[in-house]
1. So which helices (runs of 4 or more DSSP H) stay within the stretch 179-261 end to end and still have 1 or more residues that are among the hydrophobic types (A, V, I, L, M, F, W, C), under 24 Å from M1 (Cβ atoms) and out of contact with any Cys (no Cβ under 7 Å at 6 or more places or on another chain)?
2. Any idea which of Q6, Q46 is exposed (fewer than 15 other Cβ atoms within 10 Å of the Cβ) and outside any loop (DSSP other than H, G, I, E, B)?
3. Among (1) in a loop (DSSP other than H, G, I, E, B); (2) touching a helix residue (DSSP H, G or I) at 6+ places or on another chain (Cβ under 6 Å); (3) assigned by TED's automatic domain parsing to the domain that holds D95, where does Y176 come up short?
4. Do we find a residue being more than 23 Å from A16 (Cα to Cα) and within 14 Å of the ligand (Cβ to nearest atom) anywhere in the stretch 196-207?
5. Mind checking which residues of the stretch 129-146 are assigned to a loop (DSSP other than H, G, I, E, B) and either among the polar types (S, T, N, Q) or within 13 Å of the chain's Cα centre (by Cα) (or both)?
6. Has the stretch 93-109 got at least one residue that is surrounded by fewer than 21 Cβ atoms within 10 Å (Cβ to Cβ), modelled with pLDDT under 95 and not charged (D, E, K, R)?
7. Quick one: which residue in Q105, Q46 is within 30 Å of E148 (Cβ to Cβ), within 14 Å of the ligand (Cβ to nearest atom), over 19 Å from the mean Cα position of the chain (by Cα) and without any contact (Cβ under 8 Å) to a residue 40 or more places away in the chain?
8. Condition test on T161, is it assigned by TED's automatic domain parsing to the domain that holds A233, of a type in the set (S, T, N, Q) and in contact with an Asp or Glu (Cβ under 8 Å, 6 or more places away or on another chain)?
Amino acid sequence: MALRFQNKTAVVTGAASGIGRATAKRLSDEGAQVVLADLNFDRAKQALSQMSDRCWAFQLDVSQEENWQELCRQLKQRGGLDILVNCAGIGITGDFEDMALQDWQAMMDVNLTAVFLGCKHAIKLMKCNESDSSIINISSVGGLVGGEDIAAYCASKGGVTLLSKSLALYCAGKGYSIRCNSVHPSYVDTEMLDPIASTLGGRETMLEAMASLVPMGRVAKPEDVAASIAYLASSDAAFVNGHQMLVDGAQLAGIPARHSA
Ligand SMILES: NC(=O)c1ccc[n+]([C@@H]2O[C@H](COP(=O)([O-])OP(=O)(O)OC[C@H]3O[C@@H](n4cnc5c(N)ncnc54)[C@H](O)[C@@H]3O)[C@@H](O)[C@H]2O)c1
């Protein structure tokens, strides 16, 4: 495998599971020192066994500014930050009229406010870098189109989409060598789908139903998304900025023939 990230330091939030863990592994395999940042510190430490010995774990509640300040203090001491992947996220589904304010707020805190906090503190560190730095925010297809039973999730992910574009413009305007892009997966086979599986007749039935909605006929693996994130993090994407990258098996491309009128 190419070593595109030698001498680079990356922070991946939500790195204890799913897309975040696959991304941390991909960046580590390509030479990066990766900080696996997650609320679940035990699982983040366990995931280190799949990474190079340059990687370390940090207990981060992405919604808490003091946690980001402490992480950035440690990064500064260890030489700075080149890549930030804001991947931690939660999903709560249900009827909009029954949604509790506390569920709405939780989704905004973890999916959107946390991305603001991570970007704010990362930019302060990255703007001192001599070479290109990259921020990748994980949104969703639900950050580009609405969803009947996931209104709060879509609202939070739509916020991530436009925050990312705004920060691409902000950094370019300031003359910082920092790119900011968003990634938009559709269904990815991770633990985030567990609560839905229990309401859809089990995991296999759910995955089959989801796959039937994807023109490529399958849901994504976490590694599919990790590879796209690694591209955006790398100098191969040196002029890709403010971009919303779909990783959705063509789900949002249009109407498949079998569904057309
Ligand atoms: N799985 C999908 O189908 C799918 C589709 C589109 C987008 N996404 C997005 O991809 C990202 C990763 O999701 P996943 O599928 O890998 O989920 P996952 O549940 O496997 O992993 C999420 C991780 O985030 C961590 N986390 C949750 N709250 C946190 C907090 N407050 N602070 C720090 N860490 C916290 C969890 O501990 C967990 O390790 C999320 O932003 C999600 O919205 C997922």
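The values are calculated or read from the model by the stated rules, or taken from the named source; none is laboratory data. Everything numeric in this text was worked out from a predicted model, so none of it was measured. All Cβ positions, glycine included, derive from the backbone under ideal geometry; neighbour counts span all protein chains shown.
1. Details: elements: 194-199, 203-211, 222-233.
Once the helices (runs of 4 or more DSSP H) in the stretch 179-261 are filtered for at least 1 residues that are among the hydrophobic types (A, V, I, L, M, F, W, C), under 24 Å from M1 (Cβ atoms) and out of contact with any Cys (no Cβ under 7 Å at 6 or more places or on another chain), what remains is 222-233.
2. On the way: Q6 fails: outside any loop (DSSP other than H, G, I, E, B).
None of the other options fit; the residue is Q46.
3. (2)
4. Looking through the stretch 196-207, at least one residue is more than 23 Å from A16 (Cα to Cα) and within 14 Å of the ligand (Cβ to nearest atom).
5. Narrowing the stretch 129-146 to residues assigned to a loop (DSSP other than H, G, I, E, B): 129-132, 139-140, 144-146.
Listed by number, the residues that qualify are N129, S131, S139, S140.
6. Yes, because at least one residue in the stretch 93-109 is surrounded by fewer than 21 Cβ atoms within 10 Å (Cβ to Cβ), modelled with pLDDT under 95 and not charged (D, E, K, R).
7. Working: Q46 fails: within 30 Å of E148 (Cβ to Cβ).
Testing whether each residue is within 30 Å of E148 (Cβ to Cβ), within 14 Å of the ligand (Cβ to nearest atom), over 19 Å from the mean Cα position of the chain (by Cα) and without any contact (Cβ under 8 Å) to a residue 40 or more places away in the chain leaves just Q105.
8. Details: assigned by TED's automatic domain parsing to the domain that holds A233: yes; of a type in the set (S, T, N, Q): yes; in contact with an Asp or Glu (Cβ under 8 Å, 6 or more places away or on another chain): no.
Against the criterion (assigned by TED's automatic domain parsing to the domain that holds A233, of a type in the set (S, T, N, Q) and in contact with an Asp or Glu (Cβ under 8 Å, 6 or more places away or on another chain)), T161 does not qualify.
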